[in-house]
Each structure stands twice: as C-alpha cells, then as structure tokens.
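*Asks:* This is the structure I want to talk about, given as structure tokens.
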Amino acid sequence: MTKAPTRIQKRNRAAILSAGLDVFSQYGFRGTTLDQIADAAGLSKPNLLYYFSSKEAIHTALLERLLENWLDPLKALDAAGDPVQEIMAYAQRKLALSKDFPRESRLFANEILQGAPRIEYILHTDLKQLVDEKTTVIKGWADKGKIAPVDPYHLIFSIWALTQHYADFDVQVQAVMPGSDPYAGAATYLDHVISRILQP
C-alpha cells in the first residue's frame with residue numbers, strides 16, 4: 001500500500017513544479033538547470049532530487065498537467081450550438097487560457113519551438129484527432145451555409161495565433177502597450193474579427 005504524501009511533501013512538490021514552470025517558461029528546456037529550479041523553489045538540489053529524479057521528470061510532469069487542460073477549450077465546441085457563437089466562445093476560452101496560464105502557454109511554445117520532442121506523440125494523436133473532429137464540424141456548418149466558406153484548419157490556426165500571442169509574447173505586448181490590460185481590448189477585438197470572418 002502506497003503511503004500518502006505528507007503536507008510538507010505536497011508543499012515541496014508543488015513548489016518544485018511552480019519553480020520549474022517559471023524557469024522552463026523563461027529559459028526553455030535546454031537553458032534550464034536543476035540548480036536554477038532548486039534555487040527558485042527554495043530547496044537544496046538533493047532535496048529536489050528526492051521528489052524528481054531529473055530535469056526531464058519535472059518537465060514531463062509539467063507538460064502532462066498542462067495538456068490535461070490545453071485541449072479542453074476546443075473539446076467544448078458544440079456541433080449542436082450556434083456556429084458563430086460556438087467559434088467565438090472557443091476563441092474567448094483560448095484567450096482566457098493565455099491570460100490565466102501564461103507560464104504554461106510559454107512552456108508549451110518552448111516545447112514546440114524545440115521540435116516537440118517530449119509531446120510529439122500527443123500532437124500526432126490526441127491533438128490531431130480532436131482538431132480533425134472539430135474541423136469536420138466547422139466544414140459542415142460552412143457547407144450548410146451557416147457560416148461563410150472558410151478553411152477550418154486555418155481558422156483554428158488563426159485563433160491560436162490571435163490568443164496565445166498575448167502570453168507567449170507578453171514582453172513585446174507590454175512594451176507596446178505599457179501599463180494597460182491588453183486582454184480587455186483583445187476580447188472585444190477577437191469577437192469583432194471572428195464574427196466578420198464567419199458571417200455568411
């Protein structure tokens with residue numbers, strides 16, 4: 001019988017994962033060291049290694065946790081709903097994900113930029129299957145004249161670009177719009193763009 005972790009063990013594991021998320025999202029996998037993560041977590045390196053055997057183990061744990069939530073916004077797109085409203089709602093969910101989980105977004109972006117060595121299988125299986133399913137729904141709406149003719153794959157790519165940009169390029173966004181909340185304007189702009197694209 002596996003012994004349940006103590007409160008201190010839970011706290012330390014959470015601190016390591018939070019620190020790892022900070023460091024990985026800033027420096028990428030290759031640029032991150034265990035010493036950096038240990039320092040950020042306020043733990044010694046030997047103490048960190050008690051919980052995770054390697055840098056790879058921390059990175060994998062973070063990616064697994066991220067991917068549990070990353071596909072949810074697209075899964076929620078409902079074939080029985082109003083097409084324009086469903087697609088606009090999907091875009092807003094993606095924008096909220098960038099706002100609420102910017103470190104996770106940058107972690108994912110860094111992994112993709114490195115060729116996705118640790119999640120490539122998910123891109124070719126879970127992600128592809130979900131995108132294929134939802135593009136079929138979007139194409140069906142277009143074929144029935146419920147939305148304007150649009151390439152469903154490129155529509156989804158555009159939504160990713162329009163939403164994840166705010167997290168992945170936060171430094172650039174803040175430099176251009178200092179002291180403002182870009183997400184407030186982004187939500188309105190996103191609705192405007194997508195409704196204009198999709199209206200038949």
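*Asks:* Can you compute 3J(HN,Hα) from phi for each residue in the stretch 143-157, using the Karplus curve 6.51 cos²θ - 1.76 cosθ + 1.60 with θ = phi - 60°, rounded to whole Hz and x for Gly and Pro?
*Replies:* With the stated coefficients, the stretch 143-157 comes to 4, 8, x, 7, 9, 5, x, 8, 6, x, 5, 5, 4, 5, 4 Hz.
*Asks:* For the stretch 16-129, what relative contact order do you get, as a whole percent, if you take Cα pairs closer than 8 Å and at least 6 residues apart?
*Replies:* Relative contact order for the stretch 16-129 comes out at 32 percent.
*Asks:* ³J(HN,Hα) across the stretch 4-9 via Karplus (A = 6.51, B = -1.76, C = 1.60, θ = phi - 60°), whole Hz, x for Gly/Pro?
*Replies:* Rounded to whole hertz, the list is 5, x, 6, 4, 5, 5.
*Asks:* In angstroms, what radius of gyration and Dmax does the stretch 24-79 have, counting Cα atoms only?
*Replies:* 14.9, 51
*Asks:* Taking Cα pairs under 8 Å and at least six residues apart, what relative contact order does the chain come out at, in percent?
*Replies:* On the way: 157 pairs, mean separation 46.9, N = 200.
Computed value for the chain: 23 percent relative contact order.
*Asks:* Under 15 Å from the Cβ of Q199, count the other residues' Cβ atoms, weight Lys and Arg +1, Asp and Glu -1, and hand me the total.
*Replies:* Values: positive: K144, K146, R196; negative: D82, E86, D191.
So the surrounding residues net to 0.
*Asks:* Along the stretch 180-187, what does the Karplus equation 6.51 cos²θ - 1.76 cosθ + 1.60 (θ = phi - 60°) give for ³J(HN,Hα), rounded to whole Hz, x for Gly and Pro?
*Replies:* My calculation for the stretch 180-187 gives 10, 9, x, 5, 4, x, 4, 4 Hz in order.
*Asks:* For the chain, with only Lys/Arg (+1) and Asp/Glu (-1) charged at the beta-carbon, what is the dipole magnitude about the Cα centre, in debye rounded to 20? Intermediate values should be presented prior to the final figure.
*Replies:* Numbers: 22 positive and 23 negative charges, 116 e Å.
Roughly 560 debye, rounded to the nearest 20.
*Asks:* I've got another one for you. Among the listed pairs K55/K99; K75/K128; K94/K134; K3/K55; K75/K139, which are separated by more than 21 Å between their Cα atoms? Please report the intermediate quantities before stating the final value.
*Replies:* Values: K55/K99 27 Å; K75/K128 12 Å; K94/K134 15 Å; K3/K55 25 Å; K75/K139 16 Å.
With Cα atoms farther than 21 Å apart: K55/K99; K3/K55.
*Asks:* How far apart, in nm, are the 7 Å Cα→Cβ label points at I197 and Y153?
*Replies:* Once both label points are built, they end up 1.5 nm from each other.
*Asks:* Can you give the log10 of the normalised intensity I(q)/I(0) at q = 0.14, 0.15, 0.21 Å⁻¹, computed with Debye over equal Cα scatterers of the stretch 69-191?
*Replies:* -0.65, -0.74, -1.26
*Asks:* Would you be so kind as to identify which of F101, A14, V131 lies farthest towards the positive end of the dipole of the chain, taking Lys and Arg as +1 and Asp and Glu as -1 on Cβ and the Cα centre as origin?
*Replies:* Most positive-ward Cα: A14.
*Asks:* What's the longest piece of the chain with no exposed trypsin sites (Lys or Arg not before Pro), counting a site as exposed if DSSP puts it in a loop and it has at most 16 other beta carbons within 10 Å? Don't skip to the end; give the middle numbers.
*Replies:* Values: sites that count: K3, R118, K144, K146.
Counting only loop sites that pass the neighbour cut-off, the longest clear stretch is 4-117.
*Asks:* I've got another one for you. Provide the net charge surrounding L74, with neighbours chosen by a C-beta distance below 10 Å and charges set as Lys +1, Arg +1, Asp -1, Glu -1. The partial results should precede the final answer.
*Replies:* Details: positive: K75, R93, K94, K134; negative: D72, E133.
Overall, the nearby charge balance is +2.
*Asks:* So how tilted is helix 83-100 from the main axis of the chain? Cα-based, degrees 0 to 90, rounded to 10.
*Replies:* Helix 83-100 sits at roughly 20 degrees to that axis.
Bear in mind these aren't lab numbers, they're just calculated from the coordinates by the rules spelled out. Just so we're clear, the structure is a prediction, and the values are computed from it rather than from any experiment. FYI the Cβ positions are ideal-geometry reconstructions off the backbone, even for glycines, and counts take in every protein chain you see.
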